[in-house]
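Written below as structure tokens is the structure these notes are about.
The values are calculated or read from the model by the stated rules, or taken from the named source; none is laboratory data. Owing to the predicted nature of the structure, the values given are computational and were not obtained by experimental measurement. Quick reminder, even Gly has a Cβ in these numbers, built from the backbone with ideal geometry, and neighbours come from all protein chains shown. Protein only, heavy atoms only, side chains kept; ligands, DNA and RNA dropped before computing areas. Shrake-Rupley method; radii C 1.70, N 1.55, O 1.52, S 1.80 Å.
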Amino acid sequence: MALYFIKRLLLSVLVVVIVIVALFLLTYAIPGDPARVALGPRANAELVAEFRQRMGLDQPLLVQLYNFFTSLLRGDLGRDAVSGEPVLNTVLSQLPDTLYLVLGSVIVALIPGVLLGILSARYRGGIIDRISSVLSVSVMSVPAFVIAIYLLLVFSIQLGWFPAIGAGTGFWDRLHRLVLPSLALGLAWIGYIARILRASILEEMNEGHVRTARAFGLSENKIMFDYVLRIAILPMITVLGIGIGQMLSSAVFAEVVFGRPGIGKLVFDAIISRNYPIVTGAVLVTTIFFVIVNLAADLLVAWLNPKVRHDLSR
Amino acid sequence: MSVQNALEVRDLNISYKVPGGKLRALRDINLNVPRGEIVGLVGESGCGKTTLMQTILGLQSSAAVTESGQIMLGDTDLLTLRPKQMRNLLGDRISAVFQDPMKSLNPVLTIGRQMTDIQFRHNISQREKRDRAVEMLQKVRIPDPESRLDQYAFEFSGGMRQRIAIAMALMAEPDVLVADEPTTALDATLELTTIDLLRDLQQDIGCAIIFITHHLGVVAELCQSVNIMYAGEMVESGPTRAVFDAPQHPYTELLFNCDPAQIPERTRHLPTIGGELPSLINLPPGCVFEGRCPKAFGPCAEIHPRRVQSGGSDMVKCHLRDPEVPQ
Ligand SMILES: Nc1ncnc2c1ncn2[C@@H]1O[C@H](COP(=O)(O)OP(=O)(O)OP(=O)(O)O)[C@@H](O)[C@H]1O
Ligand SMILES: [Mg+2]
């Protein structure tokens with residue numbers, strides 16, 4: 001079993017390495033000279049050449065890749081091509097706002113999703129089950145940015161319940177402003193989580209141990225919460241790990257639409273101004289975050305299985 | 001309800017809703033389970049044994065429809081109880097052991113947790129519940145029960161799991177235990193020890209057992225009376241000795257022609273008989289066994305046989321044994 005953990009860890013590292021190489025090649029392949037972009041159209045050729053040399057842009061591809069890796073290992077993601085600030089600082093300063101947004105979206109997705117999942121499994125074919133099945137299909141097919149724009153139109157502009165722009169200051173103001181963007185990212189996942197959970201609950205309900213529990217007269221609530229959910233929750237944890245990745249990528253739209261600071265907004269602005277070091281750094285930090293979340297989800301699923309814990313402790 | 005019966009099934013009819021119509025899984029089933037006795041229920045695959053067990057426990061599938069009948073536990077007809085009332089009896093006055101010991105325990109809760117959970121009716125401390133669980137595991141000969149309570153199902157062998165299941169089922173000292181092929185998944189040696197154990201505990205507690213099995217040798221060994229089912233009907237019932245010595249129904253006879261001792265230990269299934277089971281959706285008008293019966297004659301294809309008493313058997317459903325049918 002320890003082998004599983006090692007394999008899983010190596011896989012995560014591999015994913016990060018592949019993303020780094022891909023990012024590197026991508027910046028290389030993008031049209032437009034980063035030196036020109038950084039220095040502006042009026043910089044003379046000498047200055048551009050000097051900049052290229054300082055940034056190592058005149059080296060062969062493999063040497064550049066090697067340099068890229070070694071500086072990454074030192075935590076050096078390069079410098080902002082516009083402001084000259086270290087990229088890592090800029091990216092990390094924007095990370096918390098995005099994390100709050102993702103956390104908010106997870107809460108929006110998870111609490112109603114789990115409730116709906118349990119209720120539609122418990123009352124299969126009933127009204128809640130049917131509503132949640134229709135909802136999951138219809139909401140899931142609407143892109144997050146469309147939901148975001150509608151939420152904005154209705155709740156901020158028409159009804160004026162929520163401020164339209166910004167992340168706010170102070171706990172309550174921030175929370176207030178987090179509501180709409182979290183809904184925009186989280187809503188689509190409610191139905192999905194509900195369906196996944198419902199399916200795994202129903203599957204588990206057919207297992208012999210549930211029949212045994214019933215044959216001892218245990219109540220349906222007890223069986224659901226103590227005997228079934230412990231197992232049925234596992235596929236959902238894995239899905240949620242992947243869902244967080246989706247939410248991170250949808251965060252770009254949500255942050256732009258709601259004018260919030262964050263990684264998404266940072267990347268969006270950086271792409272427009274061809275500020276490649278920022279794009280690379282932001283994507284890399286996000287990828288590492290996503291890989292860690294997925295790793296955590298998988299390890300949690302494994303650890304919740306007593307057989308795995310048992311094998312590990314030996 | 002005769003006082004000496006712990007459980008009595010009367011004229012039970014159960015069908016399943018299926019795409020082609022109604023599958024009449026149980027028809028006019030009668031079963032007497034005397035207090036403190038072990039009653040065998042035998043029949044080939046698909047004859048309705050599990051359906052009968054599930055109906056007794058009130059745990060039938062949602063496709064099952066109870067057409068008519070009664071299941072008397074003391075003075076109570078279980079079929080008239082509401083789900084909550086039925087739950088109050090389960091694990092208290094009626095218990096069950098299921099066929100597959102690998103699947104009948106929860107995989108993510110410790111054995112101890114499961115054994116204390118089922119004592120939810122008792123107003124005693126967790127400590128006392130644990131002690132009772134330990135005591136019960138001792139009775140089913142699980143070594144070192146105190147520490148094994150903290151282990152999970154996968155840490156036990158199949159035989160041990162089935163003994164744990166038996167311990168759980170008997171902990172509440174029920175009036176009736178329903179055991180659906182509890183030893184079929186075990187190998188021959190384990191089957192014998194498990195059966196000895198079950199009999200010892202049964203004598204200790206004095207409960208009645210409905211023992212469902214494919215294995216005639218086990219019936220001969222364990223059961224005071226035997227009930228033979230065929231295609232959803234009870235075709236013969238009587239004291240084990242009498243039925244084994246002189247089977248009255250041609251189906252029983254065919255089963256026993258093959259001496260139980262000679263049934264290969266490897267398969268331990270009922271001997272196979274040529275011919276096909278009738279469709280339970282479109283039943284033939286006559287006897288259900290007519291298509292496979294070597295002794296079928298005049299009325300068998302047309303007229304459904306009555307229940308008669310014959311030889312040493314209390315009940316047999318066959319025109320051959322009916323004194324009013326011209327032979
Ligand atoms: N949920 C169900 N829906 C429809 N038909 C069913 C259902 N369960 C059982 N049946 C049918 O009812 C009949 C009796 O099945 P049952 O499982 O009670 O037999 P059994 O005697 O327990 O067989 P086995 O020895 O294989 O366990 C079979 O024809 C079976 O196909
Ligand atoms: Mg069965």
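Inspect all residues belonging to the stretch A:229-240 and state whether any of them is assigned to a helix (DSSP H, G or I), at the interface with another protein chain (Cβ under 9 Å from one of its Cβ atoms) and open to solvent by 10 Å² or more (accessible area, probe 1.4 Å).
In the first step, residues of the stretch A:229-240 are kept if they are assigned to a helix (DSSP H, G or I); the result is A:229-240.
After this cut, where a residue has to be at the interface with another protein chain (Cβ under 9 Å from one of its Cβ atoms) as well, the list is A:230-231.
Next cut, open to solvent by 10 Å² or more (accessible area, probe 1.4 Å) only: A:230-231.
Within the stretch A:229-240 (the criterion being assigned to a helix (DSSP H, G or I), at the interface with another protein chain (Cβ under 9 Å from one of its Cβ atoms) and open to solvent by 10 Å² or more (accessible area, probe 1.4 Å)), the answer is yes, since at least one residue qualifies.
Quick one: in the stretch A:300-309, which of the residues that are open to solvent by less than 70 Å² (accessible area, probe 1.4 Å) and in contact with a helix residue (DSSP H, G or I) (Cβ under 7 Å, 6 or more places away or on another chain) is modelled with the lowest pLDDT? Lay out the reasoning, then the answer.
The initial filter retains those residues of the stretch A:300-309 that are open to solvent by less than 70 Å² (accessible area, probe 1.4 Å), namely A:301-302, A:304-306, A:308.
Right, trim to in contact with a helix residue (DSSP H, G or I) (Cβ under 7 Å, 6 or more places away or on another chain) and you get A:301-302, A:304, A:308.
Numbers: A:301: 88, A:302: 86, A:304: 87, A:308: 79.
Step by step, filter the stretch A:300-309, then rank; the result is A:308.
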All conditions in (1) closer than 30 Å to residue B:217 by Cβ; (2) within 16 Å of ligand 1 (Cβ to nearest atom); (3) aliphatic (A, V, I, L, M) are true of residue B:18 except (1)
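Here's the yes/no breakdown for (1) more than 14 Å from chain A (Cβ to nearest Cβ); (2) free of Cβ contacts under 8 Å to residues at least 12 places away in the same chain; (3) surrounded by 14 or more Cβ atoms within 10 Å (Cβ to Cβ); (4) among the aliphatic types (A, V, I, L, M):
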{"residue": "B:126", "(1), (2), (3), (4)": "yes, yes, no, no"}
{"residue": "B:130", "(1), (2), (3), (4)": "yes, no, yes, no"}
{"residue": "B:134", "(1), (2), (3), (4)": "yes, no, yes, yes"}
{"residue": "B:148", "(1), (2), (3), (4)": "no, no, yes, no"}
{"residue": "B:155", "(1), (2), (3), (4)": "no, yes, yes, no"}
Being of a type in the set (D, E, K, R) and touching a strand residue (DSSP E or B) at 6+ places or on another chain (Cβ under 9 Å): is that true of residue B:130 here? no
Give the stretch B:186-197 a look and list any residue that's surrounded by fewer than 19 Cβ atoms within 10 Å (Cβ to Cβ) and either in contact (Cβ under 8 Å) with a residue 40 or more places away in the chain or within 17 Å of the chain's Cα centre (by Cα) (or both), or say none. B:188, B:197
Of (1) out of contact with any Gly (no Cβ under 7 Å at 6 or more places or on another chain); (2) more than 26 Å from residue B:21 (Cβ to Cβ); (3) open to solvent by 10 Å² or more (accessible area, probe 1.4 Å), residue B:69 satisfies every one except (2)
Kindly indicate the residue of the stretch A:286-314 that is of a type in the set (S, T, N, Q) and under 15 Å from the mean Cα position of the chain (by Cα) and also nearest to residue B:113 (Cα to Cα) among those meeting that condition. A:294
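Residue-by-condition table, conditions (1) open to solvent by less than 20 Å² (accessible area, probe 1.4 Å); (2) farther than 24 Å from residue A:217 by Cα; (3) of a type outside the set (Gly, Ala, Ser):
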{"position": "B:19", "(1), (2), (3)": "no, yes, yes"}
{"position": "B:22", "(1), (2), (3)": "no, yes, yes"}
{"position": "B:28", "(1), (2), (3)": "no, yes, yes"}
{"position": "B:36", "(1), (2), (3)": "no, no, no"}
{"position": "B:42", "(1), (2), (3)": "yes, yes, yes"}
{"position": "B:50", "(1), (2), (3)": "no, no, yes"}
{"position": "B:56", "(1), (2), (3)": "yes, no, yes"}
{"position": "B:74", "(1), (2), (3)": "yes, no, no"}
Of the residues A:81, A:144, A:148, only one is more than 16 Å from residue A:184 (Cβ to Cβ) and modelled with pLDDT under 80; which? A:81
Residue check, residue A:63 against (1) more than 23 Å from the chain's Cα centre (by Cα); (2) modelled with pLDDT of 80 or more; (3) open to solvent by less than 50 Å² (accessible area, probe 1.4 Å), all met but one. Which one? (3)
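Please work out if residue A:268 is surrounded by fewer than 22 Cβ atoms within 10 Å (Cβ to Cβ) and more than 14 Å from every other protein chain (Cβ to nearest Cβ).
Numbers: surrounded by fewer than 22 Cβ atoms within 10 Å (Cβ to Cβ): yes; more than 14 Å from every other protein chain (Cβ to nearest Cβ): yes.
The answer is yes for residue A:268.
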Out of the residues in the stretch B:66-95 that are away from chain A (no Cβ under 14 Å) and acidic (Asp, Glu), state the one that is nearest to residue B:233 (Cα to Cα). B:67
Looking at the stretch A:205-217, can you tell me whether even one residue there is within 13 Å of chain B (Cβ to nearest Cβ) and on the phi > 0 side of the Ramachandran plot? yes
Within the stretch B:100-115, is even one residue within 14 Å of ligand 2 (Cβ to nearest atom) and not basic (Lys, Arg)? yes
Considering residues of the stretch B:44-54 that are near ligand 1 (Cβ under 6 Å from one of its atoms) and either among the basic types (Lys, Arg) or not in a helix (DSSP H, G or I) (or both) only, the residue nearest to the other protein chains (Cβ to nearest Cβ): B:49
Please state which of the following conditions residue A:162 fails to meet, knowing it meets all the rest: (1) under 30 Å from residue A:72 (Cβ atoms); (2) without any contact (Cβ under 8 Å) to a residue 40 or more places away in the chain; (3) crowded, with 18+ Cβ neighbours inside 10 Å. (1)
Please work out which one of (1) touching a Phe, Trp or Tyr at 6+ places or on another chain (Cβ under 6 Å); (2) within 9 Å of chain A (Cβ to nearest Cβ) is the condition residue B:63 fails and give its number. (2)
Looking at the stretch B:99-113 only, could you name the residues that are surrounded by fewer than 20 Cβ atoms within 10 Å (Cβ to Cβ), within 25 Å of the chain's Cα centre (by Cα) and within 7 Å of another protein chain (Cβ to nearest Cβ)? B:100, B:103
List pairs: first in the stretch B:65-93 and touching a residue at least 24 places away in the same chain (Cβ under 8 Å) and among the polar types (S, T, N, Q), second open to solvent by 30 Å² or more (accessible area, probe 1.4 Å) and not in a strand (DSSP E or B), Cβ under 7 Å, 6+ apart or cross-chain? B:66/B:79; B:70/B:79
Within the stretch A:237-285, residues of a type in the set (D, E, K, R) and within 14 Å of the chain's Cα centre (by Cα) come out as A:255
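Being at positive phi and in contact with a helix residue (DSSP H, G or I) (Cβ under 9 Å, 6 or more places away or on another chain) is the requirement here; does residue B:155 meet it? Walk me through it before giving the result.
Details: at positive phi: no; in contact with a helix residue (DSSP H, G or I) (Cβ under 9 Å, 6 or more places away or on another chain): yes.
It is false that residue B:155 is at positive phi and in contact with a helix residue (DSSP H, G or I) (Cβ under 9 Å, 6 or more places away or on another chain).
Looking at A:216, A:258, which is the one that is under 30 Å from residue B:54 (Cα atoms) and crowded, with 22+ Cβ neighbours inside 10 Å?
The match here is A:216.
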Among the residues of the stretch B:174-185, which ones are of a type in the set (A, V, I, L, M), open to solvent by less than 10 Å² (accessible area, probe 1.4 Å) and within 16 Å of ligand 1 (Cβ to nearest atom)? B:178, B:179
Can you tell me which condition residue B:79 does not meet? The list is (1) under 26 Å from residue B:203 (Cβ atoms); (2) more than 16 Å from ligand 2 (Cβ to nearest atom); (3) not charged (D, E, K, R), and all the others hold. (1)
